[in-house]
Amino acid sequence: MNFKSIPKLELFSFLFSMPFIVVVAHLFMFENSIWYDSRLWLYSFPLVFVLGFIVWLIRLRYNQYLERIYPQVQQSFERILRKFISLLIICLVATFLPITLYGYFHLFDYDYEIAHFWKCFACVFFIYLTFETLFEADFILSRLKETAIEKETLRQLAINQEFDTLKSQVNPHFLFNCFNTLSSLITVDKQRAGQFLDELSKVYRYLLRNNEEGMSTVENEVKFIHSYFRLLQTRHGEAVKMNLQIDRQYYSYLIPSLTLQLLVENVVKHNSLSKNKPLVIDIFSTRGKQLVVNNNIQHRTVKVSSNGVGLENIRNKYNLLNQPGFQILSDNKNFTVVLPLIWKSHTIHS
């Protein structure tokens, strides 16, 4: 027997209830004799206490067995029914045997009476029933808590897995478009292609470092978009312009990593660019703790095929973060995306 495995609540309940049961049972059986018969205190009390401990231990192990085979909250009826039946049987046997033996052998001059049996049984049964109810309630609450924790853990694992999937979509998407740009430059201007490759290596190192985190500060995203915009200018020159007006008080806020790069890339992909009619991208902050990415619409003569990965990727990340406020607005002249800024405590791991 490993007594360390006995729950403290069960042990304390026994140590509290058993002396009371011993005294009350002796009062029913011996009445006033317990106050002057020293034999009862020296021998009968310890004997009944030991018998009670054995009975309590059997009941405890059986209850633990039931909790192992019926561990779910949905199985409470089966578990409680079996506990109740076993408690009834154990209390009947535990009361009947000592009183019968005491009466048969006239131990400590005891004379058996059926009324003594029913009084002792009622005392033992209702005390144990009270504690059993408390133990079962504690068990159910513990299982509910564990189930809630398990569900939350599984939910977080699923969210993290989905979030990682969304992050992994960024690198191939970005790299594929950059290689297309590099391929075009090689046939047109090898010197500019070399410059583009140098910038690409710097940007991609930054991309790998920041995309691992999933979230990035506004300050880091601004630094990165500057580097990325230099890639665009290497290819397009003055055909694309970018204006940034972001209040520095928002630099410590977070947005999903590479969000600005995805939006700028999306703008360039779907609009025509020329020196006479440059594509202008404005990125600015608002007092509502938002970043706004706006561009003038200049439809291409040949429509570019799109699977919507960029914008949908960003929307899904904000949904996974339970962060409302992401908006896509469009009219005949402008295309605007509103990004809610996230304070550090409201991340996917909070």
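The values are calculated or read from the model by the stated rules, or taken from the named source; none is laboratory data. The structure displayed is predicted, hence computed values, not measured ones. Because the Cβ atoms are built from the backbone with ideal geometry, glycine has one as well, and the counts that use them run over all protein chains shown. The accessibility values were calculated without ligands, DNA or RNA, using every heavy atom of the protein model including side chains. Shrake-Rupley method; radii C 1.70, N 1.55, O 1.52, S 1.80 Å.
Things worth noting here:
- Which numbered condition A158 fails, given (1) modelled with pLDDT under 70; (2) among the hydrophobic types (A, V, I, L, M, F, W, C); (3) within 30 Å of R230 (Cα to Cα): (3)
- Residues of region 123-147 that are in contact (Cβ under 8 Å) with a residue 24 or more places away in the chain, closer than 22 Å to I89 by Cα and not hydrophobic (A, V, I, L, M, F, W, C): Y128, E132, E136.
- In the set (1) over 20 Å from M29 (Cα atoms); (2) touching a helix residue (DSSP H, G or I) at 6+ places or on another chain (Cβ under 9 Å), F96 fails one condition alone, (1).
- Single match in L129, L92, L88 (criterion: closer than 16 Å to F14 by Cα, at pLDDT 90 or above, open to solvent by 40 Å² or more (accessible area, probe 1.4 Å) and out of contact with any Asp or Glu (no Cβ under 8 Å at 6 or more places or on another chain)): L129
- Region 286-329, residues that are at pLDDT below 80 and either part of a strand (DSSP E or B) or over 21 Å from V222 (Cβ atoms) (or both): T301, V302, K303, V304, S305, S306, N307, G308, V309, L320
- Taking the criterion of being of a type outside the set (S, T, N, Q), open to solvent by less than 70 Å² (accessible area, probe 1.4 Å) and either outside any strand (DSSP E or B) or at pLDDT below 85 (or both), the residues of region 220-244 that qualify are E221, V222, F224, I225, Y228, F229, L231, L232, H236, G237, A239.
- Options L40, L66; residue that is surrounded by 15 or more Cβ atoms within 10 Å (Cβ to Cβ) and either without any contact (Cβ under 8 Å) to a residue 60 or more places away in the chain or not in a helix (DSSP H, G or I) (or both): L66
- When residues in region 199-219 are screened for being modelled with pLDDT under 85, open to solvent by 20 Å² or more (accessible area, probe 1.4 Å) and not in a helix (DSSP H, G or I), 3 of them pass.
- Looking only at region 271-305, and only at residues there that are open to solvent by 50 Å² or more (accessible area, probe 1.4 Å) and among the hydroxyl-bearing types (S, T, Y), the one that is farthest from N243 (Cα to Cα): S305
- The residues of region 266-285 that are over 39 Å from the mean Cα position of the chain (by Cα), of a type in the set (A, V, I, L, M, F, W, C) and in a strand (DSSP E or B), listed by number, are L279, V280, I281.
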